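Take a look at the structure set out below.
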Amino acid sequence: MRLGPHLHRIGNDIVAAYLVVLPEGITIIDAGLPGHWRELERELAELGRPLDDVKGIVLTHGDSDHIGFAERLRLERGIPVYVHAADAERARGGDKPKTAIGPMRFGATARFFAYALRKGGMRPRYLSEVVETGDGDMLDLPGAPRVIALPGHSPGSVAVHVPVARAVFVGDALTTRHVLTGRQGLQPAPFTDEPDEALASLDRLGDLDADWVLPGHGAPWRGSPVDVAAAVRAAAPA
């Protein structure tokens, strides 16, 4: 799905991944679930671009519903996968701490897990090799994505700012559709390691020049990042 001149989304409001599309190549932000591979192929076919035009995948964090097809692309095409050093082990399948589930509604939760099952999410393919990044790194990839550390959801949770796409990709630093309740709008994401730290990290988005704030779950949000932190905090549980 085309969002802008250089910006496309695959997946849906339950789980999404993004493509930054430029003449010199394509950068993928997050890799969704394994079954999103077919959607990636369809999107590239509609664009008239081969898989070899993909130059790199940047993960916003290492959770299984974001690494999706990344290892397949890495092994089959030699495409590097970038993740913050603090989440490198998580992306390789290392232990993840238990987190409080919080509020949930049966229908929304069932839809999330049914979709994940249908897209191969119960059989994640972890990374065997990653390129580790750090806060402030500008990656040598199409769009010159810059990594902004947003610890809280996970130790290595990041935003990825791509000025040419007028977008900042935030992974699970926030959500616009709570996968367990179905609630819409800017709000904290579930399954967060350190909720207070995650909320504090959102202040780092305020200086970014972008028209899109793009989460891994929920509808794309059109607006200035400067407004995000206050909106998410207002929606946080007391």
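Here, each number is a calculation from the coordinates, and none is a lab measurement. In this text the structure is predicted, and so the values were computed from the model without any measurement. Positions of Cβ are generated from backbone atoms using ideal geometry, with glycine treated the same way; all protein chains shown enter the neighbour counts.
Summary of values
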| quantity | calculated |
| --- | --- |
| Among Ala165, Ala100, Ala110, residue whose mean-square fluctuation peaks in a GNM of the chain (springs only between Cα atoms under 10 Å) | Ala100 |
| DSSP beta bridges in the range 2-235 [antiparallel fraction, %, rounded to 5] | 65 percent |
| Relative contact order %, the range 163-238, counting alpha carbon pairs below 8 Å whose residues are six or more apart | 37 percent |
| Candidates per GluC sites (Glu not before Pro) in the range 1-42, loop by DSSP, up to 12 other Cβ within 10 Å | Glu24 |
| Cα Rg, Dmax, the chain, angstrom units | 16.1, 49 |
| Residues Met104, Met122 arranged by fewest to most Cβ contacts within 10 Å | Met122, Met104 |
| Gaussian network model of the chain, Cα within-10 Å springs - most flexible of Gly120, Gly62, Gly171 | Gly120 |
| Of Gly11, Gly94, Gly32, the one that fluctuates the most in a GNM where the chain has Cα springs shorter than 10 Å | Gly94 |
| Full-stretch length increase - Ala100, Asp227 - with 0.36 nm per residue and alpha-carbon distance subtracted | 43.0 nm |
| Per-selection Rg to Rh, the range 140-236 - Cα, Kirkwood hydrodynamic radius | 0.94 |
| Net dipole in debye of the chain [+1 Lys, Arg Cβ; -1 Asp, Glu Cβ; about Cα centre; nearest 20] | 1000 debye |
